[in-house]
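The values are calculated or read from the model by the stated rules, or taken from the named source; none is laboratory data. Because the structure is a prediction, the values reported are computed rather than measured. Cβ coordinates were reconstructed from backbone atoms using ideal geometry, including for glycine residues, and neighbour counts include every protein chain displayed.
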Amino acid sequence: MSATEREHVMPPRPLMPWTIALCAGLCASCGLVLNMAADALLGERAAPVTLLMAIPVAAAGCIVLARSCMRLVRWRRWLYAAALGLVAGAVVSAGWAIGALRASRALDNRAASSLEFVVCGDPSINDGAYSYTCDAYAGEKRLGQVRLSCDRELGAGSHVRAIGRISRFENDAYGRSRVLRGELRKAKVVRLVSIDEGPPGPLSWLRNELLAVIAPATDPARSLIAGVVCGRSSELRAQPAGEWFSVTGTAHLIAVSGSHLAIVGFVIESALQKTRLSRGLQRGLLVLALAAYAVFTGASPSAVRACSMVAASLVANGAGRRRHGLSALFLTMVIFVLLRPTVLFEMGFQLSCASVFAILCFCPYATYALGELSVPPGLASILSVTLCSQLATLPVTIHAFGTFSLIAPLANAVIGPVISMLLAVSVVLVPCSLVPLLRHGALVVPMIVARCALFFEQLFAAVPGASVSVPPDTLLVYVVPFALAVLLVWWPRPRVRPMAVGLLCLMLAAGVPYVYWDRCVPPSVTVLDVGQADAILVRQGSAVALVDCGLDDRVVSALVRNNVHHIDAVFVTHWDEDHWGGLPDVLDQFSVGSIAVAADALDGAPSEVLNRPGVTYRQVARGDTVDIGAFRARVMWPFDTVDGEGNEDSLVLLLSYAREGKSLRMLLTGDAELDQEREFVQEVGDIDVLKLGHHGSKVSVDTELLETLKPELSIASAGEGNRYGHPSDACIDAVRVAGGAFACTIEQGDITVSPTATGFAMRCQRP
């Protein structure tokens, strides 16, 4: 039997260890307790404490079944393990919850200036503002973790004192996710008082020096090298290139995980084999080196999980024990959750564990199935890893991002080897850049490989329908895990004809979302999260309009994640750059039918906008109406001709929808302020939704205006950490005093309102 024949053998059903029951019970009880703690920490509703009785009842039920039912004797170990997991999870999560509630009360009673914040890791970057997970200290006592926002980059481990305000997270999806990850409060810095970075450790020093040489903020290729080698992806995610990885489903290639450690381990092991050290000592040094690399890259859950499994595998191999990847995975998960229960809600941990589980269980089966379709063995192996990982993580990614990458298998097959090559050469060459004479030459080869990777990323991201939006509550969230569980139990032998028919059906099904988003979209208005700027998407069926275009190319990313393929009309309210700055990028990336501005404002249009081939230009005046599918946009302001250069010249549109018993009235105000709004507010009357003028400034609205309009929801579009302080507290207070709800893109991301028979529905999606 040849090697190829030996490889192409139907794999046996994987053996499920009893540790899966232990892990399942632990995660179930932790999830329940932590969600109840989040309710209390958010302070919006009382936690239903009676639900806690389900944990001991379930544990007792497992024990009773294990001891009394002879038919379950084969599952006795599983039942005992599940009971132990339920009890252990309840104990450790309750301990964390009690400490978190005490810490939150202590934080509520303190000013930010009385605390010292210790930065825990790399920042997230949005609109030039930096957000950090920090430990808050009062003297020598640690109170808990907070989310610190400021306009300056801080190094990991920095001790910071600042003037600012500490507040609760909003009781929304974003706030809940931060609390479940262990961040009890958010701290917005007004002024930094002192920063003490302290002497860095050897690994921190090395990382800082490499990042200084790489300079990730200066170039997308350098950002990619920093992400792959140092585990710092903040700069890459803040650039358009970061969106390419999301669209193509290749973001996991940047995150430090098992594949990274495998490549780094191969490089280190190759070097160790050239020495005369004993095999046991080589293994020990390999584990230490991998652990050091995991710490060097920030000690993410996926990296630590991978390192732990490698160590367990090497120990088992050295002891002559049979290795079992699934047992190592679930034991590692148990240890992680016991040490820090909140890791259960960290997306990196969820994605890492789900993908590893799927690869260990289904990858041999998928490789065999693809081989039955005459796919070459090497390509079948790459595709099987991608398919298994993507399917297993689909419930997590859909719930978090509401998107699904259709091009991911092909993109991973092409880009995966390039990223692996980038990591291999960078691990060897990038450290050489610390030598002054080699500083520039050492980065030449990594830069070439990084630019190749970015070229393919951009190429695949530009494919129409590469990524489609999927509602977070879609049935796919439940169907995919159920289908994988059925496959694991059934374990059928793949046949060519049924697989071919199934693949054809999948390809046809993959085209359905594209047709849906291009022709059959239900009516909706989406205030896009484009930072400190305005961009509002109006769509119904095949009709698509965009009101303002943001400040830069972030509007393109926002349109892509909302599955926009063409734009019939663009309305530019006025010529402030935060309203038209992204228009050239929109015109470059999408087919646009027309551009509409206020009467005579076209004369002041920037040169980048005018004389675009295939684009018509239209000037609209007060009283004009424009149909967008079943939506009707009526111009309410300006009264006279304008040049479009000031806030007072802003085009104001009243959107109305009434069809099939559903209705919606929404006022889009651009940067119009109170003086202008008072001129037409009586004519507008009651509305459902108000898009606040000028990003929610204090002069955009007052109580008198709100009492006339009576909006149920007011939305502000603003960027996190903006220097203007938008949305202003005065604006927010006026909305709430008037009895309406307030939402902002800073917290909610993209905010979509849709007409219903009873008013409107709101849905939020964070980028």
Can you confirm whether region 453-462 contains a residue that is modelled with pLDDT under 85 and either surrounded by fewer than 20 Cβ atoms within 10 Å (Cβ to Cβ) or closer than 30 Å to TRP205 by Cβ (or both)?
yes
What residue, of SER381, SER374, is over 17 Å from the mean Cα position of the chain (by Cα), farther than 21 Å from MET309 by Cα and surrounded by fewer than 17 Cβ atoms within 10 Å (Cβ to Cβ)?
SER374
Just need a number here: residues in region 148-169 that are within 20 Å of the chain's Cα centre (by Cα) and either in contact (Cβ under 8 Å) with a residue 60 or more places away in the chain or under 19 Å from ALA299 (Cα atoms) (or both).
2
Members of region 643-671 found to be aliphatic (A, V, I, L, M) and within 19 Å of SER700 (Cβ to Cβ), listed by number:
LEU651, VAL652, LEU653, LEU654, LEU655, MET666, LEU667, LEU668
For region 549-560, does any single residue satisfy the condition of being touching a strand residue (DSSP E or B) at 6+ places or on another chain (Cβ under 7 Å), under 19 Å from ASP588 (Cα atoms), in a strand (DSSP E or B) and assigned by TED's automatic domain parsing to the domain that holds ILE628?
no
Scanning region 692-701 residue by residue, the ones that are in contact with a His (Cβ under 7 Å, 6 or more places away or on another chain) and not in a loop (DSSP other than H, G, I, E, B) total 2
So in region 709-728, with the set limited to residues that are farther than 26 Å from ARG561 by Cα and modelled with pLDDT under 90, which one is surrounded by the fewest Cβ atoms within 10 Å (Cβ to Cβ)?
ARG723
Any residue that is more than 19 Å from the chain's Cα centre (by Cα) and at pLDDT below 85 - is there at least one of those in region 393-402?
no
If you scan region 709-740, which residues turn out to be within 28 Å of ILE125 (Cα to Cα) and in a strand (DSSP E or B)?
SER714, ILE715, ALA716
Strands (runs of 3 or more DSSP E) contained in region 632-691 and holding at least 2 residues surrounded by fewer than 14 Cβ atoms within 10 Å (Cβ to Cβ)
652-659
Given ALA241, ALA255, which one is outside any helix (DSSP H, G or I), under 23 Å from PHE460 (Cα atoms), hydrophobic (A, V, I, L, M, F, W, C) and touching a helix residue (DSSP H, G or I) at 6+ places or on another chain (Cβ under 7 Å)?
ALA255
Single condition HIS260 does not satisfy, out of (1) out of contact with any Phe, Trp or Tyr (no Cβ under 9 Å at 6 or more places or on another chain); (2) surrounded by 15 or more Cβ atoms within 10 Å (Cβ to Cβ)
(1)
Right, ILE63: hydrophobic (A, V, I, L, M, F, W, C) and modelled with pLDDT under 90 or not?
yes
